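Notes to accompany the following structure.
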Amino acid sequence: MKNIIHADIFFFITSIFVVILTICLIIAMYYVARILRDMKHISRNVSEEGDKILDDIDNMREKVKEEGTKVMTIADFFLNLFVRRQKMSKDKNSKAKNQQDEAVDGTK
């Protein structure tokens, strides 16, 4: 008889423990679900902001290309001016040198 009472006490304590453990697991799962929902919300926001940043970078790249083309046109203009001046200087120098050579050759 004593064994039956001990068994009943054991099963009663085990049943209470299982009920308490189940309640704790349900509470833990509730908090895990909330954390996962928050993480989903955060990851969605990060994804949206990442897409916006990519769009901004694409827009900035287009602007840089447009401005780069303008800068390149201006740079080409000044470069051509500089090259023309150098050619004109060389042509003047070569003409002057040719005239000096002709003058030297004419005096001989």
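Any read-out appearing in this document is the output of simple, stated calculations on the displayed coordinates, not a laboratory observation. Quick caveat, the model's predicted, so the values are computed rather than measured. Please note: Cβ atoms are built from the backbone with ideal geometry, for glycine as well, and neighbour counts cover all protein chains shown.
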Quick check: Cα centre of the range 41-70 to Cα centre of the range 1-19, how many Å? 67
Under the 7 Å Cα-to-Cβ spin-label approximation, Asn80 and Glu66 lie apart by a distance in nanometres of 2.4
What are the semi-axes of the equivalent ellipsoid for the range 1-82, taken as the square roots of 5 times the Cα gyration tensor eigenvalues, largest first, in whole Å? 77, 9, 4
